[in-house]
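Below is one structure, written out as structure tokens; comments come after it.
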Amino acid sequence: QVQLMESGGGLVQAGGSLRLSCTASGRIFSTDDMGWYRQAPGKQRELVGTITRVGGTHYADSVKGRFTISRDNAGNSVYLQMNSLKPEDTAVYYCYLQRSVYVYWGQGTQVTVSS
């Protein structure tokens, strides 16, 4: 069983930065991917970005060049550095870990960007 715990959300002005962290407890495998989704009010959950155990990354077009995903050497923690934040980035951000067809989710952390 894997449990994910996020931290780092909050309120920031447009143009500002935030860094989200997520730590996984339990056994982490070399093939596990981790990353972030977000869900704004009234909208579907959307992928923000993903990172493989060896550091390969993929980002949504809406965050490319502004957000950076990284992972610690042990592979248990994933981070999301968010720069040049926009009001449309306001959402609950969820950390996830994917193992084959199984997906584990964190509880979510609120990010609010004021204009």
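The values are calculated or read from the model by the stated rules, or taken from the named source; none is laboratory data. Quantities reported herein were computed from a predicted structural model and do not represent experimental measurements. Virtual Cβ from ideal backbone geometry, glycine too; neighbours counted across all protein chains shown. Quick note on the areas: whole protein, heavy atoms, side chains included, nothing else; ligands and nucleic acids left out. Shrake-Rupley method; radii C 1.70, N 1.55, O 1.52, S 1.80 Å.
For Val101, neighbours were defined as the other residues whose beta-carbon sits under 14 Å from its Cβ, and their charges (Lys and Arg +1, Asp and Glu -1) total -1.
For the options Asp32, Asp72, Asp89, a Gaussian network treatment of the chain with springs between C-alpha atoms closer than 10 Å singles out Asp72 as fluctuating the most. Okay, which of the range 91-115 sit inside 18 Å, backbone N to the point 7 Å along the Cα-Cβ direction of Ser25? Residues 95-97, 104-109 qualify, since their backbone N sits under 18 Å from the label point. In order along the range 85-94, the phi-based Karplus estimate (6.51 cos²θ - 1.76 cosθ + 1.60, θ = phi - 60°) of 3J(HN,Hα) comes to 5, 10, x, 6, 7, 4, 4, 8, 9, 10 Hz; Gly and Pro are listed as x. Place a label point 7 angstrom from the Cα of Lys43 along the Cα-to-Cβ direction, then list the residues of the range 59-90 whose backbone nitrogen is under 12 Å away. Of the residues in the range 59-90, 61-63, 86-90 have backbone N under 12 Å from the label point off Lys43. For the chain, what % of the accessible area comes from carbon and sulfur atoms, probe 1.4 Å? Taking all protein chains in place, the chain shows 48 percent carbon and sulfur surface. For q = 0.21 Å⁻¹, what log10 I(q)/I(0) does the range 30-115 give under the Debye formula with an equal point scatterer on each alpha carbon and no solvent? So the normalised log intensities work out to -1.01. To the nearest 10, the accessible area of Lys86 is 80 Å² with a 1.4 Å probe. By DSSP, the beta bridges lying fully in the chain are antiparallel in about 90 percent of cases.
Summarised as an ellipsoid, the range 1-76 has semi-axes of 23, 15, 13 Å, derived from the eigenvalues of the Cα gyration tensor scaled by 5 and square-rooted, with the largest first.
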